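The values are calculated or read from the model by the stated rules, or taken from the named source; none is laboratory data. Bear in mind that the values here come from a model prediction, so they are computed numbers and not experimental data. Cβ placement follows ideal geometry from the backbone for every residue including glycine, while neighbour counts extend to all protein chains displayed. All accessible areas refer to the heavy atoms of the entire protein, side chains included, with ligands and DNA or RNA removed. Shrake-Rupley method; radii C 1.70, N 1.55, O 1.52, S 1.80 Å.
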Amino acid sequence: MIHCHHVDLASFRKEVYEVVAAIPSGKVITYGQIALLLGFPHHSRLVGHVLRDVPPELHLPCHRVVNSQGRTAPTFQAQQRLLKSEGVTFKSNGNVDIKTCQWEYMQL
């Protein structure tokens, strides 16, 4: 269990879920962008831990969240396939092409 001072984990989790639920098909956002959007710019790892533990019945599009270099999660085997099926483009190094597929989340 991760303990972060000054973060209400229940509220943080709920807000992460709300952001992820809003990501449109064919777009991606980074863990760091979600943390920044929620007002916790140094908590990108916590965003990752929250997403790792999302109950499957929520059907959140967690596959649309990548790291700052566009890398997919090493333990999420289907992530790249799911993103490609939505039209997300990848660079030759296997990372998501962030420049063309990044969600402009400030629309929230």
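Candidates are the residues of segment 26-82 that are of a type in the set (Gly, Ala, Ser) and closer than 17 Å to Gln102 by Cα; the one that is surrounded by the fewest Cβ atoms within 10 Å (Cβ to Cβ) is Ser68. When we screen Leu46, Leu51 for residues that are at pLDDT 95 or above and touching a strand residue (DSSP E or B) at 6+ places or on another chain (Cβ under 8 Å), the only hit is Leu51. Listed by first and then second residue, the pairs linking a residue in segment 8-25 that is of a type in the set (Asp, Glu) to a residue that is open to solvent by less than 50 Å² (accessible area, probe 1.4 Å) and not in a helix (DSSP H, G or I), with Cβ atoms under 8 Å apart and 6 or more places separating them unless they lie on different chains, are Glu15/Leu38.
Please indicate, with yes or no, whether at least one residue in segment 30-39 is touching a Pro at 6+ places or on another chain (Cβ under 8 Å) and either among the aromatic types (Phe, Trp, Tyr) or touching a residue at least 24 places away in the same chain (Cβ under 8 Å) (or both). Lay out the reasoning, then the answer.
Step one: list which residues in segment 30-39 are touching a Pro at 6+ places or on another chain (Cβ under 8 Å), which gives 32, 35.
Filter again for either among the aromatic types (Phe, Trp, Tyr) or touching a residue at least 24 places away in the same chain (Cβ under 8 Å) (or both), leaving 32.
Among the residues of segment 30-39, at least one is touching a Pro at 6+ places or on another chain (Cβ under 8 Å) and either among the aromatic types (Phe, Trp, Tyr) or touching a residue at least 24 places away in the same chain (Cβ under 8 Å) (or both), which makes the answer yes.
Within segment 83-108, being surrounded by 15 or more Cβ atoms within 10 Å (Cβ to Cβ) and more than 16 Å from the chain's Cα centre (by Cα) holds for one residue alone: Phe90.
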